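A quick write-up on the structure given underneath.
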Amino acid sequence: MSVAVILVAAGSGTRLGADRPKAFVRLAGRPLLRWALDQAFAVSGGHDLLRVVVVAPPDRLDETLALLAPHETELVRVVAGGAERSDSVNAGLGQLGDIAPDHVLIHDTARCLTPPAVFERVVAALEAGDGAVVPGLAVADTIKQVGPDGLVTHTPDRSGLRAVQTPQGFRLDVITAAHRHGRQATDDAALVEALGLPVRVVDGDPLAFKITDAGDLERAERLCAGAGVPR
Ligand code: C5P
């Protein structure tokens, strides 16, 4: 089975308050995008050549290419992203025509410490026949649905809730159809759900958290300084 990974890395990272787009912010001396590439390339298994499409800020394409090791340039394509995350995903999907992978993993560069084992669990479920697969974690907090008036409208049963992460994996035809019909969504699986197609949840990992603000970056630095992140 062939697998392509779309690494969306075109966000501005405004909430991080850095002087550069988030993908180029350094964590333990390495840009977040380089971390995400290293974790993706550490994925093992008998898949055909893992191809990667990096969706980068339009004004940083050269800087993105400069992050690649010489042997990676054949496996990695770099394309300009769009205004919203969904636009960036679409730009990445647009690069897959001649690659024609069986499966596509869409991954947030901001989740750059995601262990390779999470990628492997998603791929295993795709290879077992699922058309859409997301990693998720049980939620520790009780979640309330709240109306515009600030009053609670509903308390869903916590045992059935999962906080979902990336990489989210799809059969190529499933994600292509979902994005063709879909609008903006905070995750790609929601577009598949909107088509009425099943989405499976496999185990995520706490290390797949999204680096959004300065506190998240500090947490990632602490993990990298300790024994928390295998390198
Ligand atoms: O902004 P947020 O943290 O939700 O973004 C999640 C991921 O989507 C990040 O890796 C970011 O680089 C990417 N993104 C993108 N293009 C955008 C907005 C976000 O590639 N226009």
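Can you bin the stretch 94-193 into rounded, prolate or oblate? Criterion: square roots of the alpha carbon gyration tensor eigenvalues sorted a ≥ b ≥ c, rounded for a/c under 1.5, prolate for a/b above b/c, oblate for the rest. Prolate, since a/c reaches 1.5 and a/b exceeds b/c. When only Cα pairs below 8 angstrom with a gap of at least 6 residues are kept, the chain shows a relative contact order of 24 percent.
Give me Rg/Rg_expected for the stretch 106-161, where Rg uses Cα atoms only and Rg_expected = 2.2 N^0.38 Å with N residues.
My calculation over the Cα atoms of the stretch 106-161 gives 1.59.
In whole Å, how far is the Cα centre of the stretch 17-67 from that of the stretch 208-231? That distance is 16 Å.
Over the stretch 1-88, what relative contact order in percent results from Cα pairs under 8 Å that are six or more residues apart?
Working: 125 pairs, mean separation 31.4, N = 88.
Worked out over the stretch 1-88, it gives 36 percent.
Within the stretch 90-131, the proportion of Cα pairs with more than 13 Å between them is 62 percent. Based on Cβ point charges of +1 for Lys and Arg and -1 for Asp and Glu, what charge dipole magnitude is obtained for the chain about its Cα centre, in debye rounded to the nearest 20? Dipole magnitude for the chain comes out near 380 debye.
Measuring how big the stretch 146-231 is from its alpha-carbon positions, Rg and Dmax come out at 17.2, 48 Å. The convex hull built on the alpha-carbon positions of the chain has an orientation-averaged projected area of 13.6 nm².
Only the coordinates and a few stated rules stand behind these numbers; no lab work does. All values derive from a computational prediction rather than experimental measurement. All Cβ positions, even for glycine, are placed from backbone atoms using ideal geometry, and neighbour counts span all protein chains on display.
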